[in-house]
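A.B. asks: Can you read through this structure? Questions will come right after.
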Amino acid sequence: MTRVFVAGRTPMVRAGLRAALEGAGVVVTGEGGARSPELAEAEVVLVAGEELLGEVSEKLAGDGSQALLLLAEDERAAAPLRTLPALGWGLLPPDAAPEELEAAVAAVGAGLVVLPHDTPVPLLRSLDGAGESLDEPLTNREREVLALLSQGLSNRLIARELHISEHTVKFHIASLYAKLGVSGRAGAVGEGARRGLLSL
């Protein structure tokens with residue numbers, strides 16, 4: 001279960017977010033302002049509104065053990081998030097559907113970066129770790145293999161999907177591991193998402 005703290009200015013906002021979140025895999029351990037002691041016990045801090053971000057960021061664990069998800073209209077609010085000592089971070093519009101909210105909480109809690117699907121490409125490129133270029137870029141085929149890895153497909157199924165041999169799939173996987181600086185599938189998917197190479 002992911003432990004979430006909901007930071008919001010009004011009880012109505014906090015109650016709405018609690019109702020949207022509580023369910024399979026998520027438990028709201030507290031709600032209130034940045035000074036609430038329960039904030040320190042959460043794995044993910046959900047912040048409703050940019051105006052609370054400064055206060056909340058001061059209370060985040062400095063060791064990068066907590067993740068932060070901000071609800072805000074302006075995509076530019078993502079810029080300061082990348083500088084925080086957070087395990088993972090994300091930005092969603094305030095009217096995000098409950099299933100989007102749950103998925104985003106799980107993703108930032110796993111150390112990933114979450115941004116709206118329609119985030120402008122120039123903004124993506126300006127964010128450290130989102131759209132960040134590699135020393136040696138992935139080829140189109142390596143990107144296809146990475147996308148299929150993120151779907152949990154085995155080497156055999158990837159080979160079938162791309163109409164190539166399993167040996168070739170292994171070659172591409174080894175190559176993208178080297179380029180991303182990872183040693184396994186989970187690391188490749190996480191690093192791919194962090195660099196904006198995948199949409200989760």
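The values are calculated or read from the model by the stated rules, or taken from the named source; none is laboratory data. What you see is a predicted model, and the numbers here were worked out from it, not measured in a lab. Backbone-built Cβ (ideal geometry, glycine too); neighbour counts: all protein chains shown.
A.B. asks: Looking at (1) in a helix (DSSP H, G or I); (2) crowded, with 19+ Cβ neighbours inside 10 Å, can you tell me which one G196 breaks?
C.D. replies: Answer for G196: the failing condition is (1).
A.B. asks: So which of A193, A174, A186, A130 is farther than 30 Å from E99 by Cβ and either modelled with pLDDT under 85 or not charged (D, E, K, R) (or both)?
C.D. replies: Testing whether each residue is farther than 30 Å from E99 by Cβ and either modelled with pLDDT under 85 or not charged (D, E, K, R) (or both) leaves just A174.
A.B. asks: Every residue in segment 175-193 that is over 19 Å from the mean Cα position of the chain (by Cα), surrounded by 15 or more Cβ atoms within 10 Å (Cβ to Cβ) and free of Cβ contacts under 8 Å to residues at least 12 places away in the same chain, please.
C.D. replies: Of everything in segment 175-193, just one residue is over 19 Å from the mean Cα position of the chain (by Cα), surrounded by 15 or more Cβ atoms within 10 Å (Cβ to Cβ) and free of Cβ contacts under 8 Å to residues at least 12 places away in the same chain, namely Y177.
A.B. asks: A follow-up question, please. Any idea which residue in segment 143-171 is surrounded by the most Cβ atoms within 10 Å (Cβ to Cβ), counting only those that are under 25 Å from the mean Cα position of the chain (by Cα) and not hydrophobic (A, V, I, L, M, F, W, C)?
C.D. replies: Per the criteria, the residue is S150.
A.B. asks: Going residue by residue through segment 44-55, is there one that turns out to be within 20 Å of A110 (Cβ to Cβ) and surrounded by fewer than 17 Cβ atoms within 10 Å (Cβ to Cβ)?
C.D. replies: no
A.B. asks: Related question: Provide a single number: the residues in segment 2-49 that are more than 14 Å from L101 (Cα to Cα) and of a type in the set (G, A, S).
C.D. replies: The total comes to 11.
A.B. asks: Tell me which residues, restricted to segment 2-25, are buried (at least 20 other Cβ atoms within 10 Å of the Cβ) and either charged (D, E, K, R) or assigned to a strand (DSSP E or B) (or both).
C.D. replies: V4, F5, V6, A7, R14
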